[in-house]
1. What is the distance, in nm, between label points placed 7 Å from the Cα along the Cα-to-Cβ direction at Gln51 and at Asp28?
2. Where does helix 16-29 land angle-wise versus the long Cα axis of the chain, in degrees 0 to 90, nearest 10?
3. Out of every Cα-Cα pair in the chain, what percent are more than 20 Å apart?
4. Can you show me the helix-derived [θ] at 222 nm for the chain, built from DSSP H runs with n ≥ 4 at -39,500 (n - 2.57) apiece and divided by the number of residues, rounded to the nearest 500.
5. What angle do you read, to the nearest 10 degrees and between 0 and 90, between the alpha-carbon axis of helix 51-61 and the longest principal axis of the chain?
Amino acid sequence: MSLLHTGRTYELRDTPERLLSVWPIVRDADSNAVIVTAAGDNIGVIGTNSQEAMTLGKRALG
């Protein structure tokens, strides 16, 4: 299980389907990134301590 460090944490929020499509990009940039999805609410979050990983994820989401 990956743990995010306290302090600077970046989040990407979107539907679980869209987040799952960019997850490999974020995970490659930050091996400690985490993803949480709640299908019932149709919302998901990717958390990372890496600004680079967040930027790559945002770019991939479009």
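1. Here the answer is 2.2 nm between the modelled labels.
2. In the chain, helix 16-29 runs at an angle near 20 degrees to the longest axis.
3. Value for the chain (Cα pairs over 20 Å): 17 percent.
4. Rounded to the nearest 500, it is -12500 deg cm²/dmol.
5. It works out to around 20 degrees.
Bear in mind these aren't lab numbers, they're just calculated from the coordinates by the rules spelled out. Predicted model only: the values in this text are computed from it and were never measured. All Cβ positions, even for glycine, are placed from backbone atoms using ideal geometry, and neighbour counts span all protein chains on display.
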